[in-house]
Amino acid sequence: MIIKKLSVKNIRSYRELSIDFPVGTTLLSGDIGAGKTSILLALQFALFGLQPGQKGASLLRQGEETASAKLLVEIDNEEIEIERSLKKSKNGSITQEDSILRIGKESFELSTSELKNKVISLLDYPKEFAKKSDLLYKYTVYTPQEGMKEIVNERPETRLDLIRHIFGVDRYKRIKDNSQIFLQRIKENIKIKEVQIKEINNLREKLVLASEEKIKVSKELLDYSTALEKVSFEKKELKEKIDILKQRLEEKAKIDIDKSKKEGELQGKKALKMRLEREISSSNLQLTEKRDFKQESLDNITLLLLKHKRNLEDLNQRFTEASAKVYFLESQKEISLKLKEKIISMENCPTCFQSVANEHKDKISKKAQFEIEDMQRELEQKIILRSQLIKDIEREKEFIQKYEQDKITLEREKIKFEHQRIIDTKIKSDMIVLDRTNQEISLLEFEITSLTSQILKFEDAKKIFEQEKVKLDLIDLESRKMEIRLAEKRKEVEMLKKQVEQIGIEINQKENIREQMAKLRGLQDWLEEKFLPLITLTETNVMITLRRDFSKIFNEWFSTLVSDSLSVRLDEDFTPIISNQDYEIDYDFLSGGERTAVALAYRLALNQVINSMLSRLKTKDLIILDEPTDGFSEQQLDKMRDIFEQLDVKQIILVSHEQKIEGFVDSIIRIKKDGTSKVESIK
Ligand SMILES: Nc1ncnc2c1ncn2[C@@H]1O[C@H](COP(=O)(O)OP(=O)(O)OP(=O)(O)O)[C@@H](O)[C@H]1O
Ligand SMILES: [Mg+2]
């Protein structure tokens, strides 16, 4: 990395500043308090921001609210610009604002921590320096003005820790510490595993016992199963037999029903037979005399009766007519008689009131007499006729009466005859029924006999059925018991199987644990016997090499600065040991210039060793020294020229009051403070 340009605003004594840095050795010169260190602090701030413990007030110009530092650098031929700023809040605290990073033409706005990580990666600093980013910078690039002697004056263990940290040797300690923790865990783990596998032999014995038991019980299970199969077969056969018997019994029951039905029928038929016989004999008793009846006779009498009744009607009609005629003639005769007498006794005509002549009277009387006589004759005839008719009527009535009588008699005969015929028919039909009933009785008796003989065949079926049923019940009970026993055995086998499996699993687990334990023991041995000694050896070797190289370079730089009579080396704690040929001189007894020389040589050696060990660091081309020559003699100042040459660094930025130094450098930037700091001149 090469510093190209720094611009600041409100940093310490500066209100505004912009400096271009050339390559080669540049001297920042100026009076005390001119603002030289402020430039170096601004550079550090631009690169890494505020450091832990560094206050914003040490950078923000007093009385100002904001400050900024913009740094242009070149890394691997690429220009990178970093801009950071500070801001004072209302409560007076000063904080860092978000920052800007420009790489080439690209620009990124980043948070403070993002920028820190980015700069660390751009400078190729190891990641473990992310938290203490300035540490490498501090010992390889810029040691603050008073900090150069710090490391030399530190307590040995602190210095050693610092050096181990800077050179990454503390990683071996971390490795060892972690390995010890790891080892401890392994040991604890092994102890736990030892307890865990303790039971393995017992388990093996248990497994053998359980396996034997399982085989035994499995065999028993098989025996039980075979026995049950046999019993089941017997049971099946018995059931089939019983089914057949049951069928036979059902058949018998059917025949029984049939038989009792037939017996019932037979009883009915026999009762019918008796009733029929009784009825036939009683009917026979009713047929004492033989009745004869002819319908023809009855029909004839009926016809005669009808004829005479018509006759009678006719006679009655004629009689009525004759009687009416008699009555008419009698009344006509009466009227005529009365008229004749009236005319005879009549003197005057009732119509013309003239006197009636006797002659006329005789004439009319005679005529009336004739008519009366005619009437009398006809009357007599009619009376005779009427008498005759009365006789005829009487005679007809007698006929009718007689025929009625005959008809009644015949009809009675007919009824009796009909009755006799019905009884006869009934006897005949009863006889037929009786005959049929007799046949049916015989058939039924035959059938009953046959059914009885059939039933006899089933006689022992019931007994056998009962016996077989008892047998089946027994077998059933036995098979159920066997099934229970079988289920128990099955369960037992299952349990034993599970037990064997479980023990097997446990043994496997314990075997695995044993294997893991063996691996862990191997790992423990390897860690204790190989790895940790190797790390310790490596660490020791690294430290020896580091100390040797460091010591050598330290001595070379020191020799360059100080007369040949003094030499330096580093002891175990990297404490500088100064020797004057035969004896060692305590650092505190050295002169001010010698102490500065020790500090500068230590600082330069540190820088060189770090840069050679961590060759990838992008800051190895830059070194910044703030007042490195404090207390140097003229002679020592002269040696600085050799130092700059030997350093072989592309860019050296140096702060010094020494006039002499100006002669060794490539450029001089003069700083002047007049209220605010300014660049006075650049040469
Ligand atoms: N926050 C600040 N605001 C304003 N001025 C400050 C602030 N902090 C320090 N100063 C002053 O800035 C001036 C420059 O200080 P700086 O440390 O840069 O001086 P220098 O040139 O390195 O001096 P020396 O040669 O003595 O080391 C000093 O006068 C110092 O008191
Ligand atoms: Mg200073």
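Numbers below:
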quantity: Boolean, Thr26 is within 23 Å of Val119 (Cα to Cα) and within 16 Å of ligand 1 (Cβ to nearest atom); calculated: no
quantity: Residues satisfying the stated conditions in the range 82-108, i.e. among the acidic types (Asp, Glu) and closer than 14 Å to Lys70 by Cα; calculated: Glu83, Glu97, Asp98
quantity: Candidate set: the range 503-547, residues that are exposed (fewer than 14 other Cβ atoms within 10 Å of the Cβ) and among the charged types (D, E, K, R); chosen: the one nearest to the chain's Cα centre (by Cα); calculated: Glu511
quantity: Filtered residue count, the range 47-93, keeping only those that are modelled with pLDDT of 90 or more and in contact with a strand residue (DSSP E or B) (Cβ under 7 Å, 6 or more places away or on another chain); calculated: 25
quantity: Pairs where the first residue, in the range 563-589, is at positive phi and the second is surrounded by 10 or more Cβ atoms within 10 Å (Cβ to Cβ) and among the β-branched types (Val, Ile, Thr), C-beta under 7 Å, 6+ apart; calculated: Phe574/Ile163
quantity: Hits in the range 272-309 (condition: in a helix (DSSP H, G or I), closer than 16 Å to Thr425 by Cβ and in contact with a helix residue (DSSP H, G or I) (Cβ under 8 Å, 6 or more places away or on another chain)); calculated: Leu276, Glu279, Ile280, Ser283, Asn284, Gln286
quantity: Enumeration of residues in the range 501-519 that are touching a helix residue (DSSP H, G or I) at 6+ places or on another chain (Cβ under 8 Å), within 14 Å of Leu203 (Cα to Cα) and of a type in the set (Val, Ile, Thr); calculated: Ile503, Ile507
quantity: Sole exception among (1) touching a residue at least 60 places away in the same chain (Cβ under 8 Å); (2) assigned by TED's automatic domain parsing to the domain that holds Val217 for Gln502, by number; calculated: (1)
quantity: Residues (away from ligand 2 (no atom under 16 Å from the Cβ) and surrounded by fewer than 18 Cβ atoms within 10 Å (Cβ to Cβ)) located in the range 650-667; calculated: Lys650, Gln659, Lys660, Glu662, Gly663, Asp666, Ser667
quantity: Yes/no for Lys149 being at pLDDT below 90, buried (at least 18 other Cβ atoms within 10 Å of the Cβ) and out of contact with any helix residue (DSSP H, G or I) (no Cβ under 6 Å at 6 or more places or on another chain); calculated: no
quantity: Per-region count, the range 1-23, residues more than 16 Å from ligand 1 (Cβ to nearest atom) and either among the aromatic types (Phe, Trp, Tyr) or in contact with a helix residue (DSSP H, G or I) (Cβ under 6 Å, 6 or more places away or on another chain) (or both); calculated: 1
quantity: Residues within the range 50-69 that are among the small types (Gly, Ala, Ser) and within 13 Å of ligand 1 (Cβ to nearest atom), tallied; calculated: 5
quantity: Only listed residue being more than 14 Å from ligand 1 (Cβ to nearest atom) and buried (at least 21 other Cβ atoms within 10 Å of the Cβ), chosen from Leu101, Leu72, Leu47, Leu86; calculated: Leu47
quantity: Strands (runs of 3 or more DSSP E) wholly inside the range 3-75 that include at least 3 residues being more than 16 Å from ligand 2 (Cβ to nearest atom); calculated: 16-20, 66-75
quantity: Positions within the range 354-408 being in contact with a strand residue (DSSP E or B) (Cβ under 8 Å, 6 or more places away or on another chain) and of a type in the set (S, T, N, Q), in sequence order; calculated: Gln354, Ser355
quantity: Condition met for Ala42 (among the small types (Gly, Ala, Ser), under 16 Å from Glu81 (Cβ atoms) and within 13 Å of ligand 1 (Cβ to nearest atom)); calculated: yes
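The values are calculated or read from the model by the stated rules, or taken from the named source; none is laboratory data. Owing to the predicted nature of the structure, the values given are computational and were not obtained by experimental measurement. Neighbour counts run over all protein chains shown; Cβ positions are idealised from the backbone, glycine included.
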